[in-house]
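Written below as structure tokens is the structure these notes are about.
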Amino acid sequence: MKINIITIDGPAGSGKGKIAKYVAKKWKLKHLDSGIFYRRIAYIISKKKINPINKITIKILINDIDQISSQKNKILRSEKISNIASIIAEYKFVRDFVNTQQKLTIKKSKNKNGFVIDGRDIGSVVFKNASIKLYIDVDVNIRAKRRHKQLIDMGEKSIYPQILKDIKLRDKKDKSRKNSPLVIPEGAYVVDNSSKFSITQNQLNIIIGKYINGKY
Ligand code: C5P
């Protein structure tokens with residue numbers, strides 16, 4: 001049986017994770033946050049005090065990892081880990097490793113309904129043949145404000161102008177990197193999520209519901 005794959009791509013802080021959670025709950029799909037894999041590798045690099053630009057050492061480290069968990073953890077969301085993740089996500093060997101891990105996670109899962117996967121290259125590279133693709137966009141100032149609030153709520157120190165600068169830099173890295181840059185995947189529904197939840201649940205229900213219920 002072919003499983004349903006819904007991809008949700010978009011820049012940092014676009015709210016794609018929240019949308020993915022809603023979709024997963026509503027249609028009993030499993031949610032996979034692909035950014036977690038990059039964050040977990042970044043966390044190991046940080047713990048081992050490896051310089052993220054040291055590709056050779058990171059390659060050796062990755063060759064030694066058999067499997068990486070897709071479990072979320074608050075510790076992975078710090079600004080330090082976000083910045084390291086953004087650097088190492090440029091390396092092709094890291095991307096190849098993460099893509100294999102994603103496919104392995106799906107293969108091993110007992111969930112028969114399918115997956116909703118969010119990230120940067122899910123609809124454009126990793127699951128090009130996905131059933132439905134969404135691309136979520138939000139003005140960078142709004143994303144920085146949301147991220148600033150999120151960090152404060154997490155008890156982290158956060159200075160808004162610095163957060164805005166970091167997000168702009170991460171956007172630049174995501175969109176201009178040679179390997180799997182952030183693009184609108186072919187055939188994706190582009191959604192502006194600039195207000196609190198501007199893609200209404202109704203819109204999602206129409207886009208996804210039609211497909212899932214087999215009415216296409
Ligand atoms: O989505 P999130 O911000 O958690 O992702 C962490 C980092 O991993 C991002 O900076 C992004 O560059 C990278 N990433 C990626 N491709 C994905 C998911 C995340 O390059 N599919």
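The values are calculated or read from the model by the stated rules, or taken from the named source; none is laboratory data. Since this is a predicted model, take the numbers as computed values, not measurements. As a convention, Cβ positions derive from the backbone with ideal geometry for all residues, glycine included, and neighbour counts pool all protein chains shown. The accessibility values were calculated without ligands, DNA or RNA, using every heavy atom of the protein model including side chains. Shrake-Rupley method; radii C 1.70, N 1.55, O 1.52, S 1.80 Å.
For a quick check of your reading of the model, give me the residue pairs whose first member lies in segment 70-96 and is in contact (Cβ under 8 Å) with a residue 24 or more places away in the chain, whose second is open to solvent by less than 40 Å² (accessible area, probe 1.4 Å) and among the acidic types (Asp, Glu), with beta-carbon atoms closer than 7 Å and at least 6 apart or on different chains.
Close Cβ pairs (under 7 Å, with a partner that is open to solvent by less than 40 Å² (accessible area, probe 1.4 Å) and among the acidic types (Asp, Glu)) amount to Lys72/Asp33; Glu79/Asp166; Asn83/Asp166.
Is it the case, given these coordinates, that Ile41 is in a helix (DSSP H, G or I) and not charged (D, E, K, R)?
Against the criterion (in a helix (DSSP H, G or I) and not charged (D, E, K, R)), Ile41 qualifies.
Do you know which of the residues in segment 36-47 that are among the hydroxyl-bearing types (Ser, Thr, Tyr) and either without any contact (Cβ under 8 Å) to a residue 60 or more places away in the chain or open to solvent by 100 Å² or more (accessible area, probe 1.4 Å) (or both) is nearest to the ligand (Cβ to nearest atom)?
Out of the qualifying residues, it is Tyr43.
Just the residues that are modelled with pLDDT under 90 and over 22 Å from Gly35 (Cα atoms), please, taken from segment 160-195.
Ser195
I'm trying to understand the selection: among the residues of segment 63-110, which are buried (at least 17 other Cβ atoms within 10 Å of the Cβ) and outside any helix (DSSP H, G or I)?
Once the filter is applied, which keeps residues that are buried (at least 17 other Cβ atoms within 10 Å of the Cβ) and outside any helix (DSSP H, G or I), segment 63-110 yields Ile68, Ser70, Ser78, Ala89, Glu90, Tyr91.
Going through segment 1-35 one residue at a time, which ones are surrounded by 22 or more Cβ atoms within 10 Å (Cβ to Cβ), among the aliphatic types (A, V, I, L, M) and assigned to a helix (DSSP H, G or I)?
Within segment 1-35, Ile19, Ala20, Val23 meet the criteria.
Pick from Ile50, Ile56: which is part of a loop (DSSP other than H, G, I, E, B) and surrounded by fewer than 21 Cβ atoms within 10 Å (Cβ to Cβ)? Working first, answer last.
Values: Ile56 fails: part of a loop (DSSP other than H, G, I, E, B).
Of Ile50, Ile56, the one residue that is part of a loop (DSSP other than H, G, I, E, B) and surrounded by fewer than 21 Cβ atoms within 10 Å (Cβ to Cβ) is Ile50.
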